[in-house]
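Just below is one structure, and these are the notes that go with it.
The values are calculated or read from the model by the stated rules, or taken from the named source; none is laboratory data. In this text, all values refer to a predicted model and were calculated from it rather than measured experimentally. No Cβ is skipped: glycine too gets one built from the backbone with ideal geometry, and neighbour counts run over all protein chains shown.
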Amino acid sequence: MRKFNLLIISLIFLNGCDFLNENPKDRLVLDNFYSTSKDAQAAVDATYQSLNPLYNRLMYILCELTTDIVKNGIGMPNAYLQDLEFLRHTNENTFIGNMWTDSYSGISRANTAINRIPDIVMDENLKKRFVAEAKFLRALYYFNLVRFFGDVPLITNLESVNDAMGPRTSKSEVYKLIIQDLTDAESVLPMRSGYNDLEEGRATKGAAKILLGKVYLTLGEYTKARDKLAEVVNAESTYGYGLHENYGNNWNTLTETGIEAVFYIEYKGRPYPQNGEMGLAGPKYSIPGGNIGVAGSNEADIPTRELYDQFSPNDTRRDVNIRFKFTNPKNGKVLTSSIPLFGKYWKDGIDAANQCDINMHIIRYADALLMYAEVLNETDDQAKALQVLNRVRKRAFGDDSGNFETMSKEAFRTTILNERRLEFPLEGHRWFDLVRTGTFIQRMKEHSAYEATVAESNKTEIATNIKEHMILMPIPLRELDLNPQLVQNPGW
């Protein structure tokens, strides 16, 4: 059954969130708005809505255009995007600035929900669930911020994005809040089966545990990460998780909310928000005649040649993530691109890219499995780690032909990192993975040389531009101007 979750969020997206504005308008002010369970739900739904500007491309730009996954196509002349691809971005980059402000917007909404809902007279169990959902989301927004920027202002009482002032808080303190929020959330949130059809897609107990496992992994606390992820993986049927037999079913609108979907943004047909990546990744200039019959197909985000070359021809993920053939919906003619293009978010049969309603996955169960394999290796259980990794590989190849055999601990680290590259293109993981494993600088130098050899000679600029301090993003110039207590990250 297709799940039409986040309906209220879509309405909020269309109509704005004026109820969060602290400026009094007529008789409605913040202090007297939050009085009913509907007000509580509206506050939480507004917090979910902040996912849309972050994950409808912005996350992929910062996490994958800056790595070996994505490059700009002819259809993307934006100078700020070109700077990110060639690693010459500065603190004036608008996309980096948007990551900061959009994340704090989500945090401000989460704080409003967390601070205001407890005073509402309503069903106590529902009240606790709403607060737990808001804490899950606040943890996610802060987790992204601390990974991108390091020390950031930690404010739990801000209820307007303009309140995100003050000095930077040490990332250890930020992580304490993230861990506490997720611990609180997992103790209260229901399993996915505890929601009705209209509530599907909201934060669940399993999502909180998996995200907490990712936090521990990022911190290098491998035993904690292993134990937390094991709570879900070893009871996956109870949590309602598993792997689709077909990798591509994760982006099929009939199956995308199935067993592999842990946490995601639901997109629907107009007038609700749609997935914007179809138009940005879809063919144009590489198609004969430059017309695929789909309005808004701009060929802006395209895969690197190295990404395509990393896939085995027998790996079924290759033809889901990357494709050459596209059908014109107006005449049925099949056209072939002269270069590899992303296909994960392409929907056949529609004549306008802004009609795409394929969901954006924020957490997939495959991520839980690959993280679990990684921490098993780090805690010296290589045999089980290999078993879990090969489960994902078997789905990819359809049989045991892609399975790995025994390898050293160090070789497994390299293998699992590459496996994540093949499993998650355009899902917003790569920069985080390379940075947390300490491989970002060397990997991008290698990528620079590869692309310069097989695709574009000017890609040597990446190796020239990359510097050690780029394991953090710069604090946006606008924020430094507005907040004199902020200091810039070293090197920027």
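The table for this structure:
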{"read-out": "Within region 163-203, considering residues that are touching a strand residue (DSSP E or B) at 6+ places or on another chain (Cβ under 8 Å) and not in a loop (DSSP other than H, G, I, E, B), the one nearest to residue 51 (Cα to Cα)", "value": "174"}
{"read-out": "Residue within region 306-326 that is farther than 29 Å from residue 400 by Cβ, outside any helix (DSSP H, G or I), within 24 Å of the chain's Cα centre (by Cα) and of a type in the set (Ser, Thr, Tyr) present", "value": "no"}
{"read-out": "Single residue of 51, 145, 126 found to be more than 15 Å from residue 431 (Cα to Cα) and in contact with a strand residue (DSSP E or B) (Cβ under 6 Å, 6 or more places away or on another chain)", "value": "51"}
{"read-out": "Residue in region 358-378 that is part of a loop (DSSP other than H, G, I, E, B) and within 24 Å of residue 60 (Cβ to Cβ) present", "value": "yes"}
{"read-out": "Any hit, region 268-280, residues being buried (at least 20 other Cβ atoms within 10 Å of the Cβ) and polar (S, T, N, Q)", "value": "yes"}
{"read-out": "Matching entry among 406, 437, 414, 379 (being surrounded by fewer than 21 Cβ atoms within 10 Å (Cβ to Cβ) and without any contact (Cβ under 8 Å) to a residue 12 or more places away in the chain)", "value": "414"}
{"read-out": "Residue 134 vs. criteria buried (at least 24 other Cβ atoms within 10 Å of the Cβ) and under 30 Å from residue 440 (Cβ atoms)", "value": "no"}
{"read-out": "Of residues in region 51-75 being crowded, with 18+ Cβ neighbours inside 10 Å and over 21 Å from the mean Cα position of the chain (by Cα), the one modelled with the highest pLDDT", "value": "73"}
{"read-out": "Condition met for residue 96 (buried (at least 19 other Cβ atoms within 10 Å of the Cβ), in contact (Cβ under 8 Å) with a residue 60 or more places away in the chain and within 20 Å of the chain's Cα centre (by Cα))", "value": "yes"}
{"read-out": "Qualifying positions in region 336-346 - surrounded by fewer than 19 Cβ atoms within 10 Å (Cβ to Cβ) and either among the charged types (D, E, K, R) or more than 23 Å from residue 57 (Cα to Cα) (or both)", "value": "336, 338"}
{"read-out": "Any hit, region 444-467, residues being of a type in the set (Lys, Arg) and in a loop (DSSP other than H, G, I, E, B)", "value": "yes"}
{"read-out": "Whichever residue in region 177-223 is free of Cβ contacts under 8 Å to residues at least 60 places away in the same chain and acidic (Asp, Glu) and, among such residues, is surrounded by the most Cβ atoms within 10 Å (Cβ to Cβ)", "value": "181"}
{"read-out": "Hits in region 470-492 (condition: part of a helix (DSSP H, G or I) and surrounded by 12 or more Cβ atoms within 10 Å (Cβ to Cβ))", "value": "470, 471, 477, 478, 479, 480, 482"}
{"read-out": "Residue match in region 243-261 (condition: in contact with a helix residue (DSSP H, G or I) (Cβ under 9 Å, 6 or more places away or on another chain), farther than 27 Å from residue 315 by Cβ and either of a type in the set (A, V, I, L, M, F, W, C) or not in a loop (DSSP other than H, G, I, E, B) (or both))", "value": "no"}
